[in-house]
Every structure is written in structure tokens, then in C-alpha cells.
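Values in this text are rule-based calculations from the coordinates and carry no lab data. Everything numeric in this text was worked out from a predicted model, so none of it was measured. FYI the Cβ positions are ideal-geometry reconstructions off the backbone, even for glycines, and counts take in every protein chain you see.
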Amino acid sequence: MAKPDVLVVTGPTASGKSALALALAQRGGGTVINADAMQTYDAFPILTAQPSAGDRAAVPHRLYGVLPLSETLSAARWRALAETEIERCREAERLPVLCGGSGLYLRALRQGFAEIPSVAPELRRQANHDWDRLGAEAFRLRLAEHDPEIVARLKPGDRQRHVRAWEVWRGTGRSLSVWQRGKGSPSRWRFASILLVPDRAWLRERIERRFDAMLEAGVLEEVRGVLDRRPDAAWPGLKAHGAPEFFRHLRGELTLEEARRIAIDHTRQYAKRQMTWFRHQLEPDLVIEMPSNQAQEIAEKFLDKMEG
RNA sequence: GGAGGGGUGGCCGAGCGGUCAAUGGCAGCAGACUGUAAAUCUGCCGACUUCGCGUCUACGAAGGUUCGAAUCCUUCCCCCUCCA
């Protein structure tokens, strides 16, 4: 197997991706590129577990905290950003090490997907409003007049995807299902993916410990700072695990302990969803079961073999 | 001591004579996923199970009324509020 152009380190949240990516980048003269939706926003560096200043000093890190919270990231947008960064790495002859757990983003980059023009954000807002106003059933019927195919495919309760289909129809004059027939083309680069598969009990404990460390590091102040700026509830970056729970705590609806408990539970549920995705949607080149005190050695050996 | 309210499946919480193994939410388990993805959605969720509208044990405890009770009555045990 030939030397990869892009190295990917992925796995569920808190599985140890960042540390491994850092170690591999450090060893191979690489650059770590963020492949995690929430870490791309600038509002919650602590809450979203972005790399420390020390880590950033040791190795170049890209796409962490680069988008204002008021922006909306998407798989396509991230993919464009990542491509630019990978290109830069290649020019500088540095190994791009993608690190993150947003499975859809990684797939979009690697396998490509349909070219669909972006649509005005107001359409989304409007569509959501319509969903509330008309009700799910009527919204569905209306969408079915223009895109019966997508409606047949979507579960009736899936508001987000119905809204998406509607905004694409409205914004482009062509139905989403027609757009989706264009497959897009796979990336021109060779990828090598390392997947971290954690033991459940171990991960559970790590999630909890990490959360408590965040509390000690001052997440609550970080979150309060955002809340004080009265953010628009529709901003996707507000959905970082822990943010909604801390908001409720700061508004007096939950005790800190309750907020902590719920945030940890949600994080664990997310990790489960990620594992389901990786299991069925990803074909990793190397799987490392965690915990492992030799994850780095295993990964390095694997890379040496590829290069040799 | 007196007057009320309440004890329901891991938790919260509906039900208030039959169609109730018991609405709903949470948690749990499994899954889906082409542009909001740390998102969104689906299935299962007392036990057993040949997974079937099947059997068993169930709505604080013990009795009772009734063809039939989580739902009515009696006693008892807890909890909460108010008066003293």
C-alpha cells in the first residue's frame, strides 16, 4: 500500500483522538486539522475540548475555533475548508492529520457528495416557521407536491430533513432528491483512517472525568459569557454538549449537579451514535481498541508499513 | 392530636370499575443517516418466550365488594401540606 496523502484519526468523543493525532503529527512533521463540527466554532473552546495552547504550540493545528458562533457550518463548508488546509499542507510537505468525530464530514470529504448550491438562511428559518404553523402532516404534504421521492424516504417526524428538503426546493427550484442523484466525486487524495474503538466502561469514565475537568477549567464562565450575549437559539454551534444544560442551570432551571448529569448522559449517547456510524459507514484501515498504552506505537508501526 | 393530599413499572408522571402490562417523558438497548451531524430520526424497553392479540407476576401491605379493581370499601404501614 502506498503512502497516504491524508491521515485520519477518528473515533467517538473522548476516545483519545486528539492525543493520538498530536503524537502522530509531532512525529511525522504533520499538521492536525480539525474534523469536528463543534470544535470549529469559536465560542466554546473549553466545552468542546479544543486543543490546549501547549498542544498548538507543539504542532500546527488548523480549523479549531475559526468560525463565529453566528455562522452555520455544514458538511460542504467544512469540506471546502479542509481541502484548503490539506492543500496547504501538501505544498509545505507536511502530513495532514485529520482529527475528529463528525463522520458525515469525513465521508463528504473522502467520498464526495452531490453538488448542491447553498441556499439563503432565511429559507431555513421560514421552513421551520412553516413546520410549526402548518404542522408536520401538512408540511409533508406540501413538500410531497414538489419532491415526493424525498417524502417517501423520510420518516414523518424528521423535522430537520423535511426542512432541509423544502429549503433546497425553494432555494434552487429543483428538488433535493434530484440533486442527490449527482453522487459527487471521491477525493483525489489517498486516505488512511485510524479508528479508535473504546471499551464502554472506560469511555464512560473518561467522559465523566473530562467533564469535571472542564468545570474546573471554568466552562461555566465560558458558557455564561455566551448566554449573556443573548445568542440566537437557532445557531447550530449552541448545540455543543453541555451548553443547553448549562444554559438551563444558569437560568435556574437545573442544579449544577443535574446539568452535569444530563450533559454527561447526552455525551455518552452521542458516543454510541458515533460508534454505530463508524461500524456501518466507515471502512477504517486500522482499528485500535482503547484503552491502550501502545496506541501510538501501533499507529506508527502501521504508518511505517504503509510508507515502507 | 385534628384536617386534607399522596404512595403506579429503573426514575418522573398519567390513569381512577372492564378494551391496562398500564398514556407520556427521562434513562437504558439496538438501529438509520447526502450538506444543522456534539444534529435529526426510528424500533425495543416487567419476566418468560415456540417473540403470537401466548403464559406468569404486577400499580405501598393485608383483607373485602364485584362476573371483573391500579381504579370502590376496611384496616395497617409510610410520605407531604395545613391547623394545633
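Please order A:270, A:64, A:41 by the number of other Cβ within 10 Å, starting at the fewest.
Fewest-to-most ranking of A:270, A:64, A:41: A:270, A:64, A:41.
Could you let me know the centre-to-centre spacing of segment A:138-201 and segment A:59-104, using Cα atoms, in angstrom?
Value for the Cα centre distance between the two parts: 22 Å.
Are there any GluC sites (Glu not before Pro) in segment A:1-100 that are in a DSSP loop and have at most 16 other Cβ atoms within 10 Å? List them by number.
Listed in order of number, the matching sites are A:71, A:93.
Taking only DSSP H segments of four or more residues, each worth -39500 (n - 2.57), what value at 222 nm results for chain A once the sum is divided by all its residues, to the nearest 500 deg cm²/dmol?
-17000 deg cm²/dmol
If contacts are Cα pairs under 8 angstrom and at least 6 residues apart, what is the relative contact order of chain A in percent?
The value is 29 percent.
How would you classify segment A:114-171 from its alpha-carbon gyration tensor, with a ≥ b ≥ c the square roots of the eigenvalues: rounded for a/c under 1.5, else prolate if a/b is greater than b/c, otherwise oblate?
It is oblate, given that a/c is not under 1.5 and a/b is not larger than b/c.
Where the Cα atoms of chain A are projected onto their three principal axes, how long is each span, largest first, in whole Å?
Computed over chain A, the largest-to-smallest principal extents equal 58, 49, 33 Å.
Setting aside same-chain residues fewer than 8 positions from residue A:155, which lysines have a Cα under 28 Å from its Cα?
Reachable lysines: A:183, A:239, A:272.
With the contact rule set at Cα under 8 Å and sequence spacing of 6 or more, what percent relative contact order holds for segment A:166-296?
40
Over segment A:27-90, what is the relative contact order in percent, taking alpha-carbon pairs closer than 8 angstrom and at least six residues apart?
Relative contact order for segment A:27-90 comes out at 41 percent.
Taking a ≥ b ≥ c as the square roots of the eigenvalues of the Cα gyration tensor of segment A:125-273, is the shape rounded (a/c under 1.5), prolate (a/b larger than b/c) or oblate?
Oblate shape, in that a/c is at least 1.5 and b/c is the bigger or equal ratio.
Evaluate the Debye formula for segment A:111-211 with equal point scatterers sitting on the alpha carbons, no solvent, and hand back log10 of I(q)/I(0) at q = 0.09, 0.12, 0.15, 0.17 Å⁻¹, in q order, two decimals.
-0.39, -0.60, -0.74, -0.79
Enter the per residue convex hull volume of segment A:191-281, computed from alpha-carbon coordinates, in Å³ rounded to the nearest integer.
136
Can you list the lysines whose alpha carbon is less than 27 Å from that of residue A:301, not counting same-chain residues fewer than 8 positions off?
Those lysines meeting the cut-off are A:3, A:17.
Quick check on packing: order A:181-193, A:288-300 by the mean number of other C-beta atoms within 10 Å, highest mean leading.
Ranking the peptides A:181-193, A:288-300 by packing returns A:288-300, A:181-193.
Could you list which residues have their amide H under 5 Å from that of residue A:9, counting only those 5 or more apart in sequence or on another chain, with H placed in the peptide plane?
It is A:98, A:99, A:100, A:194, by chain and number.
Explain nothing, just the number: dipole magnitude of segment A:171-308 about its Cα centre with +1 on each Lys and Arg Cβ and -1 on each Asp and Glu Cβ, in debye rounded to the nearest 20.
820
Measuring from the lowest to the highest alpha carbon on each principal axis, how far does segment A:1-134 reach, largest first, in angstroms?
Result, largest extent first: 56, 34, 24 Å.
Enumerate the residues in segment A:38-66 having an amide nitrogen under 18 Å from the point lying 7 Å beyond the Cα of residue A:27 toward its Cβ.
Hits in segment A:38-66 for residue A:27 at 18 Å: A:58-60.
Mind checking which of A:60, A:68, A:156 has the largest fluctuation in a GNM of chain A, springs on alpha carbons under 10 Å?
The residue that fluctuates most here is A:156.
Apply the Karplus curve 6.51 cos²θ - 1.76 cosθ + 1.60, θ = phi - 60°, to the phi angles in segment A:257-274 and return the couplings in whole Hz, x for Gly and Pro.
5, 5, 4, 4, 4, 5, 4, 5, 4, 5, 5, 5, 5, 5, 4, 4, 4, 4
Under 5 Å between amide hydrogens, which residues at least 5 positions from residue A:289 or on another chain qualify, with H placed 1.01 Å from N in the peptide plane?
HN-HN under 5 Å from residue A:289: A:197.
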